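Encoded as structure tokens, the structure appears first; notes follow it.
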Amino acid sequence: MTWTVIDLDVQLADVSKVLGTGTKTETVNASLREVLETRRRALARTRLQDG
């Protein structure tokens, strides 16, 4: 694990409620996982459709 300093958009604070996370670190990690999983599913779906 690495330590990174980032500026967070306070208007995105509701993301933690949606993801059910308790800390900013958990929210960022869960968000990144969600994006990665979504992209992987989309790629898999495209590959299946293209046969």
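Couple of notes before you dig in:
- Residues of region 1-35 that are part of a helix (DSSP H, G or I), open to solvent by 70 Å² or more (accessible area, probe 1.4 Å) and either among the polar types (S, T, N, Q) or in contact with a Ser or Thr (Cβ under 8 Å, 6 or more places away or on another chain) (or both): GLN11, LYS24, THR25, GLU26.
- Inter-residue pairs, beta-carbon under 9 Å, first within 14 Å of TRP3 (Cβ to Cβ) and in region 21-37, second in a helix (DSSP H, G or I) and not hydrophobic (A, V, I, L, M, F, W, C), 6+ apart: LYS24/SER16
- Residues of region 38-51 satisfying the condition of being open to solvent by 80 Å² or more (accessible area, probe 1.4 Å) and either touching a residue at least 24 places away in the same chain (Cβ under 8 Å) or aliphatic (A, V, I, L, M) (or both): LEU43, LEU48
The values are calculated or read from the model by the stated rules, or taken from the named source; none is laboratory data. Bear in mind the structure is a predicted one, so any value in this text is a computation, not a measurement. Glycine gets a Cβ as well: all are built from the backbone with ideal geometry, and neighbour counts include every protein chain shown. Protein only, heavy atoms only, side chains kept; ligands, DNA and RNA dropped before computing areas. Shrake-Rupley method; radii C 1.70, N 1.55, O 1.52, S 1.80 Å.
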